[in-house]
Amino acid sequence: MKSIILPAYNKNIIRAMLSLGIEDVDMPQVGEHEVLVKTHAAPVNPSDIAFIQGSYNIKKTLPAAPGFEASGKVVATADSCKQLLGKKISAFVQDDRGGSWAEYFVANKNDLIVLDAQMDMDQAACFTVNPFTAYGLFEIALMRESKAILQNASGGQTAAFIRKMAEDAGMAVIDIVRKEEVKSQLMDNGAKYVLLENDESFEDELISLCKKLEATTAFDAVGGPLAGSMFNAMPADSELVCYGGLSGKAMSGLDTMDVIFDNKIISGFNLMDWKAELEEGAFESISMDLQKKFINHQLSTDIQGSIPLEKLARGLKSYISNMSGGKVLIKP
Ligand SMILES: NC(=O)c1ccc[n+]([C@@H]2O[C@H](COP(=O)([O-])OP(=O)(O)OC[C@H]3O[C@@H](n4cnc5c(N)ncnc54)[C@H](OP(=O)(O)O)[C@@H]3O)[C@@H](O)[C@H]2O)c1
């Protein structure tokens with residue numbers, strides 16, 4: 001079978017991208033509690049970019065196949081999960097033996113979501129990570145009874161899901177983006193409070209909006225000094241939840257006095273930990289609820305295009321130059 005192969009990690013994203021090749025490799029063998037999946041589509045996510053740069057928390061034995069997420073059909077199974085044969089699934093794969101940027105991959109049965117027959121398979125390719133991340137993050141805002149949410153990387157898909165969940169719940173959202181055109185797109189699509197992080201008036205507007213709307217929960221996917229500005233702008237008793245590090249820079253500039261005297265908190269969110277802490281049956285119930293919303297078109301991931309394995313370099317380039325434009329799908 002054909003698979004994308006990464007020969008070595010490289011901090012330089014252009015070199016890392018150019019080093020990726022397409023190779024004929026052995027079909028992976030299913031182990032205990034595993035299934036073999038024929039890939040329909042696999043997205044390019046920020047975690048994949050960080051992975052090929054060697055800066056993600058998952059490191060595979062090199063040479064390695066990238067790709068952590070996909071949709072597809074189960075074509076072989078271990079004895080313990082024969083009932084999964086032929087099922088349409090979404091999968092999350094961090095296995096050392098392969099990745100989803102390939103014609104086939106193996107996945108543990110616990111890392112699969114068996115899909116409703118009506119689920120669109122392109123949408124299913126991006127189903128296991130971002131919708132659940134947005135759900136888990138939004139639950140935090142609900143639990144904190146926040147009147148408004150503050151978030152950055154707002155042109156991204158996770159942020160878009162959070163915006164939709166907040167809109168449905170009548171909660172205000174302050175969005176932060178780094179490009180003027182992304183600000184215009186979000187406002188054209190109904191986002192009410194969108195700030196451009198490079199504007200001269202950014203800090204003043206941020207402070208004033210956080211105060212006016214009582215934004216007491218913030219979701220940070222960027223880190224660096226922007227995380228500090230967000231933290232400092234929020235009122236007392238606020239929480240900043242970090243779930244991504246897109247800038248590659250450490251959070252900075254946080255006001256120490258706010259932590260000591262204003263009861264402000266910084267925390268982290270990791271989807272896998274969130275999932276592991278759910279009560280039995282809760283994940284399946286959330287998954288069914290989210291799938292219904294995808295089938296009814298209440299939720300969807302923006303997809304900017306699909307490419308075959310052979311055109312990977314072109315696909316990666318278009319995603320990196322326009323991440324807010326939607327996901328690029330790899331279709332082997
Ligand atoms: N902790 C978890 O469990 C978890 C789960 C899912 C996702 N995540 C993280 O969530 C983040 C968003 O993922 P996604 O799939 O929603 O993203 P996405 O749809 O691929 O879009 C990425 C967004 O981030 C913006 N961005 C990229 N680099 C930036 C920077 N240095 N400063 C400011 N904005 C920047 C992009 O804007 P431009 O168009 O301007 O480039 C784009 O709007 C990623 O860091 C991802 O790893 C974490």
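Values computed for the structure shown
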quantity	calculated
Residue list for the stretch 112-129, restricted to those being open to solvent by 20 Å² or more (accessible area, probe 1.4 Å), polar (S, T, N, Q) and assigned to a loop (DSSP other than H, G, I, E, B)	118
Residue check, residue 186 in a helix (DSSP H, G or I), within 13 Å of the ligand (Cβ to nearest atom) and open to solvent by less than 10 Å² (accessible area, probe 1.4 Å)	no
Filtered residue count, the stretch 277-303, keeping only those that are surrounded by 16 or more Cβ atoms within 10 Å (Cβ to Cβ), over 15 Å from the mean Cα position of the chain (by Cα) and either more than 15 Å from the ligand (Cβ to nearest atom) or assigned to a strand (DSSP E or B) (or both)	5
Any hit, the stretch 165-176, residues being surrounded by fewer than 19 Cβ atoms within 10 Å (Cβ to Cβ), in a helix (DSSP H, G or I), more than 13 Å from the ligand (Cβ to nearest atom) and not aliphatic (A, V, I, L, M)	yes
Matching residues in the stretch 189-203 - criterion: being surrounded by 12 or more Cβ atoms within 10 Å (Cβ to Cβ) and part of a loop (DSSP other than H, G, I, E, B)	191, 192, 197, 199
Check on residue 316, open to solvent by less than 40 Å² (accessible area, probe 1.4 Å), in the same structural domain as residue 43 (by TED's automatic domain parsing) and within 16 Å of the ligand (Cβ to nearest atom)	yes
In the stretch 189-243, residue farthest from the ligand (Cβ to nearest atom) [restricted to those that are more than 25 Å from the chain's Cα centre (by Cα) and among the hydroxyl-bearing types (Ser, Thr, Tyr)]	208
Any chance residue 145 is free of Cβ contacts under 8 Å to residues at least 24 places away in the same chain, away from the ligand (no atom under 16 Å from the Cβ) and open to solvent by 20 Å² or more (accessible area, probe 1.4 Å)	yes
Candidates 127, 105, 138, 132, filtered to the one that is on the phi < 0 side of the Ramachandran plot, at pLDDT 95 or above and over 18 Å from the mean Cα position of the chain (by Cα)	105
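The values are calculated or read from the model by the stated rules, or taken from the named source; none is laboratory data. As the structure is a computational prediction, the values presented were derived from the model and not from experiment. Don't worry about glycine lacking a Cβ; one is built from the backbone with ideal geometry, like all the others, and counts go over all protein chains shown. With ligands, DNA and RNA removed, areas are computed over all heavy atoms of the protein, side chains included. Shrake-Rupley method; radii C 1.70, N 1.55, O 1.52, S 1.80 Å.
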